[in-house]
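Following: one structure in C-alpha cells, then a few remarks.
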Amino acid sequence: MPPRVQSVKGTRDLLPPDTAVWAAVEATAREVFGRYGFREIRTPIFEETELFVRGVGESSDIVGKEMYSFEDKGGRRITLRPENTASVCRAYVEHGMHQLPQPVRLLYIGPQFRNEKPQKGRYRQFHQIGIELLGGRGAASDVEVLLALVAFLRAIGFSDLTILINTVGDKASRARFKEQLVSYLEPLREKLSEESRVRLATNPLRILDSKSLEDKALLAGAPSLEAALSDESRQHFEAVRSALDHFGIAYRVAPGLVRGLDYYTNTVFEVVSEGLGAQDAICGGGAYEGLVEELGGPPTYAVGFAIGEDRLIDVLPPESAVRRNAAGPLLVAPGGRLANRPSVSPLLELVEEVRRQGWAALEGPAKKDRLFALAESLGSTCVLFLGEEELAAGTVVCRDLRSREQRSLLRADLMAHLQREFS
Ligand code: HAM
C-alpha cells in the first residue's frame, strides 16, 4: 500500500458535528455585529508580501519569522495572510471607501496563516472573526467596537471574561517612551533574556510583554509608558475608560499590554481566558491611526479587533445557546415490532411531522447501543421513541440526552415540549 498522505502539521480538519458549532458561532457574529452596523468583507487569502511588511511592520514577530511567503510564477512576492487588518485597509483605499459616508464598518470571518510552533490553541492555519471601523472619531469609536465585542461574547454565552486594556500612546508619546526605555535597558543588556536582547534593537516596547522572570525583575525599575503619554493620549484613554464604566463593562488596565503588531496607536486591548493555558488570548485589537495612510490613503482613524475562533470554540461554555443551535437532528427510534414495518410507517410520519415544524429529524435504529452511538456522532440532543404501545395510546417517549430525563408525552403536546426544551 502506498503511504498515506496526512494533513500538514499545524493544520486540521473540522468535522461534523463540530462544524455545526462553528457555523452557529459565525451566524451569531454576523447577527450581533450586524446590529452594530458591521457588514461583511471577504479579502483574498494571499496578498503581496509588501502589504504585511508595511502594514504589520518589519519588527513584528509575524513579519520577522511567521509568514508563509513564496514567489509565484510571475516572480511576485506573495504571502498567505497572517491577519486581516492590513488587507481590509488595502481594500478600503483600493475601492475608495474613504469617500463613502464615514465611518465604514467591516466584518470578516476566515482563515489566517502563521508559521508558528504548533501547540494547544496555536495552529498554522487558524480562523479569525474580526471587525474594523474605519474613518471613526477617536475614543468614541474605540468604545463602539468594545461594546460590540462584549455583546458578541455575551450572545455566545460568556459572562465572566474580562477585557485587558492599555494605551500605547500616540506616535510622539511612543517615540519618547522608546528612547527612555532603551536608555534604561541598554546598560542591563547582558542580563536580559536572549529574545529581549534582540527586541532591544528591533522592537523595545515588546520587552514589556516578556514572560521571562529575569526580564520582569529588570523591568520593575523601568520608566513607565504611562508617564511618557502626551496630554491627548492620556485624555483619550480616560475617555475610553469612563465610557466603559458608564456602560458597566468589566475591564482591567494592563500596563504591560503592548500587542505584537506595529500599527497600534493609543487604545489596545485583549480578552484572555484561563481555560486556554499558555495561548490564552481569545481576542486582540486596538486603534491604528496611521495604517490607512501608510497604505496610500488619507489620514484615517481606525479601530478593530480579531477573535481567534479556534480558541473561542475551545472554551465555549457548555450551556452556550450556540451549542443548542448547533445540535444535531432529533432521532426517532422505533420500539417493538414497529421496527419491522415497511417504509411508510408511523415512524416516518412522525419524523416528517417534526421536520415540518422546523427541526431536523432522522429515523434511528431500534437497537439501543447503535441508536446512542449514532446520536453521539450526530450531536443529537433528543431521541423520540415510538413503539406499538405508544402508537395505540397516542403518546411518544421523549428522552433528553443532555439531562438523561425521559418523559412520556401526548402526541398533541409533543411540539410544544420540543419548542420549550430544544429550541
Ligand atoms: P492578533 O493578536 O495577532 O491580532 O490575533 C488575534 C487573535 O487571533 C489572537 O488573540 C488569537 O486568539 C488568534 N490567533 C493568533 N494567532 C493564532 C494561532 N497561531 N493559532 C490560533 N489562534 C491564533 C491580529 O491579528 C490583529 N489583526 C487584530 C486587530 C484587528 N487589530 C485591529 N484590528
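Structure summary
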read-out: For the stretch 174-242, size of Cβ-based charge dipole, Lys and Arg +1, Asp and Glu -1, in debye; value: 80 debye
read-out: For the stretch 84-162: rounded, prolate or oblate by the Cα gyration tensor [a/c cutoff 1.5]; value: oblate
read-out: Estimated vicinal HN-Hα couplings, Hz - the stretch 320-325 in sequence order (Karplus 6.51, -1.76, 1.60; Gly, Pro = x); value: 4, 4, 4, 4, 4, 5
read-out: Shape of the stretch 1-124, Cα gyration tensor, a/c cut at 1.5; value: oblate
read-out: Most to least accessible of LEU371, LEU391 (protein chains only, probe 1.4 Å); value: LEU391, LEU371
read-out: Ellipticity estimate at 222 nm from DSSP helix runs (n ≥ 4, -39,500 (n - 2.57)) divided over the chain, nearest 500; value: -10500 deg cm²/dmol
read-out: Accessible area of the chain belonging to carbon and sulfur atoms, whole % at 1.4 Å probe; value: 50 percent
read-out: Residue pairs, from the table LYS171/LYS211; LYS9/LYS65; LYS117/LYS216; LYS65/LYS191; LYS171/LYS216, whose Cα atoms sit over 21 Å apart; value: LYS171/LYS211; LYS117/LYS216; LYS65/LYS191; LYS171/LYS216
read-out: Selection of GluC sites (Glu not before Pro), the stretch 40-89, meeting DSSP coil and at most 16 other Cβ within 10 Å; value: GLU58
read-out: Percent of beta bridges antiparallel (DSSP, the chain, rounded to nearest 5); value: 80 percent
read-out: Tilt relative to the chain, helix 139-155 - C-alpha long axis, 0 to 90 degrees, to 10; value: 30 degrees
read-out: Among LEU338, LEU362, PRO299 - extreme Cα towards positive end, dipole of the chain, charges at beta-carbon; value: LEU338
read-out: Leading residue at positive end of dipole, the chain (Cβ point charges), from LEU257, ASN325, VAL168; value: ASN325
read-out: HIS127 long-range amide H proximity, modeled H, under 5 Å; value: GLN112, GLU309, ASP310
read-out: Convex hull of the stretch 298-423 built on C-alpha atoms - directionally averaged projected area, nm²; value: 11.5 nm²
read-out: Rounded to whole Hz, the Karplus (6.51, -1.76, 1.60) HN-Hα couplings of the stretch 86-97, x for glycine and proline; value: 4, 5, 4, 5, 4, 5, 4, 6, 4, 9, x, 5
read-out: Total charge dipole magnitude, the chain, about the Cα centre, Cβ charges on Lys, Arg, Asp, Glu only, Debye to nearest 20; value: 780 debye
read-out: For the stretch 367-383, 3J(HN,Hα) per residue [Karplus equation, 6.51 cos²θ - 1.76 cosθ + 1.60, θ = phi - 60°, Hz, x = Gly/Pro]; value: 5, 4, 5, 5, 4, 6, 5, 5, 4, 5, 5, 8, x, 6, 10, 8, 10
read-out: Computed over the chain, the ratio Rg/Rh where both radii use C-alpha atoms and Rh is Kirkwood; value: 1.08
read-out: Ranking by accessible area, most exposed first, for GLU363, GLU179, GLU309, GLU26 with a 1.4 Å probe; value: GLU179, GLU363, GLU26, GLU309
read-out: Point-to-point label distance, SER423-ARG76, nm (Cα→Cβ direction, 7 Å offset); value: 4.9 nm
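The values are calculated or read from the model by the stated rules, or taken from the named source; none is laboratory data. Bear in mind the structure is a predicted one, so any value in this text is a computation, not a measurement. For neighbour counting, all protein chains shown are included, and Cβ atoms are generated from backbone atoms with ideal geometry for every residue, glycine included. Note: accessible area is taken over every heavy atom of the protein model, side chains too, but ligands, DNA and RNA are not part of it. Shrake-Rupley method; radii C 1.70, N 1.55, O 1.52, S 1.80 Å.
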